[in-house]
Amino acid sequence: MSQATAPNTATIEEVQTGPVPRHVAVIMDGNGRWAGERDLPRWEGHRAGMSSVREIIEGAAEAGLEHLTLYAFSEENWSRPADEVEALMALLEEYVATERAELAEKGIRVTVFGSLERLGEGAIRAIAELEGATAEGTSLHVHLAISYGARGEIVAACRSLARRVAAGELDPEEITADQFAHALYTSAWPDPDLLIRTSGEMRISNFLLWQLAYSEIFVTDVLWPDFSRAHLFGALIDYRGRDRRFGLVRSP
């Protein structure tokens, strides 16, 4: 794990000098703190964070990433004050309305995963419109985790496998890690190579617990609304210096 206590930035030219990870996941943290430092309501921090979402998606496409996963709204976020949750759902609908056409034009595909049955009709309709409008995108695949919790995802995968066992379709002794991974929301995508967390918090907050098993982790003190593509590029350069062994030992 690497923690950047000062802004760690780079240019696209530096990024283009070497390889980049296929898949980057981001815990977008610090919206509330950003608003509090400016004596603004929390929803203003979330609105400011929307600009960083646009910035990082564009930066990821520019850098040549294949997959970008953004932790947009956790299952735990449902316990926040009702007015804040309502504002977040309204911002989701606003984001879709303002960004959908441009994302499609740039060839960026967006998919959404999580316990979506908890969302209201407006949010569900917005997600369907976003996924439909961008379905043909091939330049970058963006995955938005909404109403998502990794423990809930793992429990749902266990239930799915248990139903197959109960139906006689699967022998419990034949269950493999690959079969379990196939039962997760993210089965169609590679696991993240790099996890970025903003705001300096040193935890993964119930995010992609299975998928992050061997991901490199980069933590920065920069709050999400201040996180730019230059910060993303800096994290990509930092990742390039990691020695990924996946639990193995290099031969001398």
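The values are calculated or read from the model by the stated rules, or taken from the named source; none is laboratory data. Since this is a predicted model, take the numbers as computed values, not measurements. Cβ sites come from the backbone with ideal geometry, for glycine too, and all protein chains shown count toward neighbours.
What's the number of the condition R100 fails, among (1) closer than 22 Å to E76 by Cβ; (2) surrounded by fewer than 20 Cβ atoms within 10 Å (Cβ to Cβ); (3) not small (G, A, S)?
Here R100 clears every test but (1).
Those residues that are surrounded by fewer than 21 Cβ atoms within 10 Å (Cβ to Cβ), closer than 25 Å to Q211 by Cα and of a type in the set (G, A, S), I need them from segment 48-61; list them, please.
If the condition is that a residue be surrounded by fewer than 21 Cβ atoms within 10 Å (Cβ to Cβ), closer than 25 Å to Q211 by Cα and of a type in the set (G, A, S), then A61 is the only one that fits.
Quick check on segment 103-110. Is at least one of its residues farther than 25 Å from G200 by Cβ, aliphatic (A, V, I, L, M) and not in a helix (DSSP H, G or I)?
The answer is yes, given that some residue of segment 103-110 is farther than 25 Å from G200 by Cβ, aliphatic (A, V, I, L, M) and not in a helix (DSSP H, G or I).
Output the residues belonging to segment 13-52 that are among the polar types (S, T, N, Q) and not in a loop (DSSP other than H, G, I, E, B).
N31, S51, S52
Quick one: would you say A4 is aliphatic (A, V, I, L, M) and modelled with pLDDT under 95? First the steps, then the outcome.
Working: aliphatic (A, V, I, L, M): yes; modelled with pLDDT under 95: yes.
So A4 fits the description; yes.
Limited to segment 111-123, what total is found for residues that are within 26 Å of E58 (Cα to Cα) and assigned to a loop (DSSP other than H, G, I, E, B)?
Final tally of qualifying residues: 1.
State whether the residues of segment 60-83 include one that is modelled with pLDDT under 95, of a type in the set (A, V, I, L, M, F, W, C) and out of contact with any strand residue (DSSP E or B) (no Cβ under 9 Å at 6 or more places or on another chain).
Yes, because at least one residue in segment 60-83 is modelled with pLDDT under 95, of a type in the set (A, V, I, L, M, F, W, C) and out of contact with any strand residue (DSSP E or B) (no Cβ under 9 Å at 6 or more places or on another chain).
For segment 62-86, enumerate the residues that are within 16 Å of the chain's Cα centre (by Cα) and surrounded by 19 or more Cβ atoms within 10 Å (Cβ to Cβ).
If the condition is that a residue be within 16 Å of the chain's Cα centre (by Cα) and surrounded by 19 or more Cβ atoms within 10 Å (Cβ to Cβ), then L65, H67, L68, T69, L70, Y71, A72, F73, S74, E75 are the ones that fit.
Output the number of the condition that E76 fails; it satisfies all remaining conditions of (1) of a type outside the set (K, R); (2) closer than 24 Å to F233 by Cα; (3) in contact with a Gly (Cβ under 8 Å, 6 or more places away or on another chain).
With respect to (1) of a type outside the set (K, R); (2) closer than 24 Å to F233 by Cα; (3) in contact with a Gly (Cβ under 8 Å, 6 or more places away or on another chain), E76 is out only on (2).
Residues A10, A90: which one is in contact with a Phe, Trp or Tyr (Cβ under 6 Å, 6 or more places away or on another chain) and either surrounded by fewer than 21 Cβ atoms within 10 Å (Cβ to Cβ) or outside any helix (DSSP H, G or I) (or both)?
Going through A10, A90 in turn, the sole match is A10.
Looking at segment 97-142, which of its residues are touching an Asp or Glu at 6+ places or on another chain (Cβ under 8 Å), of a type in the set (A, V, I, L, M, F, W, C) and within 21 Å of R22 (Cβ to Cβ)?
Scanning segment 97-142 gives V110, V112, L140.
Under 16 Å from the mean Cα position of the chain (by Cα) and either aromatic (F, W, Y) or in a helix (DSSP H, G or I) (or both): is that true of E55 in this structure?
So E55 fits the description; yes.
Cβ-Cβ below 6 Å, separation at least six or inter-chain, first residue in segment 17-46 and free of Cβ contacts under 8 Å to residues at least 12 places away in the same chain and more than 21 Å from A235 (Cβ to Cβ), second crowded, with 18+ Cβ neighbours inside 10 Å and not basic (K, R): which pairs?
These pairs meet every condition: E44/A35.
Take segment 186-224 and flag every residue that is free of Cβ contacts under 8 Å to residues at least 12 places away in the same chain and polar (S, T, N, Q).
S187
Quick one: which residue in G18, G45 is on the phi < 0 side of the Ramachandran plot and crowded, with 21+ Cβ neighbours inside 10 Å?
G45
Before we move on, is R151 over 30 Å from A82 (Cβ atoms), modelled with pLDDT of 95 or more and among the basic types (K, R)?
Judged against the criteria, R151 is not a match.
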